[in-house]
1. Is segment 283-295 home to any residue that is of a type in the set (Asp, Glu), within 18 Å of SER201 (Cβ to Cβ), in the same structural domain as GLY187 (by TED's automatic domain parsing) and surrounded by 13 or more Cβ atoms within 10 Å (Cβ to Cβ)?
2. Going through segment 136-156 one residue at a time, which ones are of a type in the set (S, T, N, Q) and either more than 14 Å from ligand 1 (Cβ to nearest atom) or part of a loop (DSSP other than H, G, I, E, B) (or both)?
3. Please specify each residue of segment 190-214 satisfying the condition of being more than 16 Å from ligand 2 (Cβ to nearest atom) and under 16 Å from VAL275 (Cβ atoms).
4. Can you tell me which of (1) of a type in the set (A, V, I, L, M, F, W, C); (2) touching a Phe, Trp or Tyr at 6+ places or on another chain (Cβ under 7 Å); (3) under 29 Å from THR165 (Cβ atoms) is the one ILE379 doesn't meet?
5. Under 8 Å by Cβ, and 6 or more places apart or on different chains, what pairs join a residue from segment 170-182 that is within 8 Å of ligand 2 (Cβ to nearest atom) with one that is assigned to a loop (DSSP other than H, G, I, E, B) and of a type in the set (S, T, N, Q)?
6. Looking at segment 142-161, which of the residues that are open to solvent by 20 Å² or more (accessible area, probe 1.4 Å) and free of Cβ contacts under 8 Å to residues at least 40 places away in the same chain is farthest from ARG318 (Cα to Cα)?
7. Just for segment 238-250: of the residues that are assigned to a loop (DSSP other than H, G, I, E, B) and buried (at least 17 other Cβ atoms within 10 Å of the Cβ), which one is farthest from ligand 2 (Cβ to nearest atom)?
8. Given the criterion part of a helix (DSSP H, G or I), surrounded by 16 or more Cβ atoms within 10 Å (Cβ to Cβ), more than 16 Å from ligand 1 (Cβ to nearest atom) and not small (Gly, Ala, Ser), identify the matching residue among LEU304, LEU363, LEU324, LEU351.
Amino acid sequence: MPNLLIVEDDESMLDTLGDIFRDAGENVVTVPTGADALEEFSRNQPDLVLLDIRLPDTDGLTLLKKMKATAPDLLVVIMTAYPQVQTAIQAMKAGAYDYINKPFDLDEMRLVVKKALETRLLKDEVNRFRRERASTAKSTKILGASAVTAQMRALIQMVADTPRTPVLLTGESGTGKELAANAIHYGSARAHKALVKVNCSALPDNLLEDELFGHERGAFTDAKETRKGLFEMADGGSLFLDEIGEMSPALQPKLLRILEGEPFRRVGGTREIRVDVRIIAATNRDLSAMVEAGTFRKDLYYRLKVMEIGLPTLRQRREDIPLLVEHFIALHSREMGKQTATFTDPAVQMLMNYSWPGNVRELRNVVERAVILANGDAIDRKHLPLELCKAAVSESFQTAPPFSLDLTLEDLEREYILRTLKKLKGNRTVAAKKLGISRSTLFEKLKRYGAETKWS
Ligand SMILES: Nc1ncnc2c1ncn2[C@@H]1O[C@H](COP(=O)(O)OP(=O)(O)OP(=O)(O)O)[C@@H](O)[C@H]1O
Ligand SMILES: [Mg+2]
């Protein structure tokens, strides 16, 4: 890939410059006209452009503006035959990195180019650092050691590496769709640009359209001034369309057209606007069923579905629970300025057995609440919400349904205590602990059942 593009109509000058920088080890492409320059530029973006201000088919300033419009970061050094301050100022205003007056001596030229290429390196470095910092600051780390999670992470990495493909993230509530969107954006070459987020269910139809596409002044009564839409704000970056299933059928075709690379107009506008945005859509609804029901456009669905990532539920990856718990404990303990809490084994067991309809978000909330309630002590079952306990009870009832209208509570209690003892081979100390009563209470109850000798 060339890193130096030289645009100059004087052929002998072009050859000389080409030779010098080729000898210096640069990857050089030389072209004599503006049209050639643009063609070369659109094929391969160079690190640096040396641009003559006077060209046969256009002028350097126009060319500079065109190039900067598609590549704002591009470094351009202008060569001007006239020591005209005015031209130089104009060029700098249009975003040139530097300028050099003709005739120049070659050492001077070498120096300017060397400095520019160094700047290029620094800029790239800064971008990379920004990207890294952004990705840690936004906590894009997808935790979990299970095979399904590893697979999901690999898929997300792959998608991050293809920064133009639209993505559809599907999964139940709380499975980490937004986290995945962050990971995709901040792991991609778009990381130094914006990740703009919008929830399609949060706004009525016309407001969402206004939000996405912007409007021109006077487009409607309240449009006092022109406003850019989110698509324009996300230019160069990514747009996260959360709850895409709620987007109205009227807006869906507009989105599809953008996905197909077509320009759009602001509300009330005539100018066509093109943006370079990666769409990351998310939903917890079954889009294929919605297509069947006619509430979601088939063509849009198929366009989005090309790269679909289905996020696994927490019950499909229970092995990840301990790691996630540890992470959330550390997080919440730190937030509350408390010492890192620990969970007792029975409490962990209860977390492992629960069905987690609210997935990772529910787990996070449960841990946060427990850290508060335990107030520095070990987190026990009593610090967990009642739902978890109820779920555990009903699950064990399902394996051995004891339900009959002829039984009293005392009957059930007796049966339960005796079964527990049997399972623990008569170990009354452990049984009392498991049952959550004192040893003496257990003795008393056994005595009442006339069963105390059986287990002594
Ligand atoms: N694998 C994971 N590792 C660490 N944290 C996770 C993971 N998955 C989800 N989380 C955390 O769980 C919470 C919920 O995730 P997120 O908001 O991304 O879910 P969602 O799928 O967008 O949910 P909803 O459909 O309800 O909007 C967040 O705090 C997120 O950081
Ligand atoms: Mg979400």
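1. First, the residues of segment 283-295 that are of a type in the set (Asp, Glu): 286, 292.
Pick out the ones that are also within 18 Å of SER201 (Cβ to Cβ) and you get 286.
Okay, now just the ones that are also in the same structural domain as GLY187 (by TED's automatic domain parsing), so 286.
Subset that is surrounded by 13 or more Cβ atoms within 10 Å (Cβ to Cβ): 286.
Yes.
2. Filtering segment 136-156 for residues of a type in the set (S, T, N, Q) gives 136, 139-140, 146, 149, 151.
Residues satisfying the conditions are SER139, THR140, SER146.
3. ARG190, LYS193, ALA194, GLU209, GLU211, LEU212, PHE213, GLY214
4. Condition (3) is where ILE379 drops out.
5. From residues that are within 8 Å of ligand 2 (Cβ to nearest atom), the pairs are SER173/ASN284; LYS177/ASN284.
6. My answer is ASP161.
7. Pass one, segment 238-250, residues assigned to a loop (DSSP other than H, G, I, E, B): 243, 247-250.
Then drop every residue that is not buried (at least 17 other Cβ atoms within 10 Å of the Cβ), which leaves 243, 247.
Working: GLU243: 8, MET247: 15 Å.
So the residue we want is MET247.
8. Details: LEU363 fails: more than 16 Å from ligand 1 (Cβ to nearest atom); LEU324 fails: more than 16 Å from ligand 1 (Cβ to nearest atom); LEU351 fails: more than 16 Å from ligand 1 (Cβ to nearest atom).
Checking each option against the conditions leaves just LEU304.
The values are calculated or read from the model by the stated rules, or taken from the named source; none is laboratory data. It should be emphasised that the depicted structure is a prediction, and the values quoted were computed from it without experimental measurement. Ideal geometry is used to build each Cβ from the backbone, glycine not excepted, and the neighbour counts take in all protein chains shown. These accessible areas exclude ligands, DNA and RNA; they are computed on the full protein's heavy atoms, side chains included. Shrake-Rupley method; radii C 1.70, N 1.55, O 1.52, S 1.80 Å.
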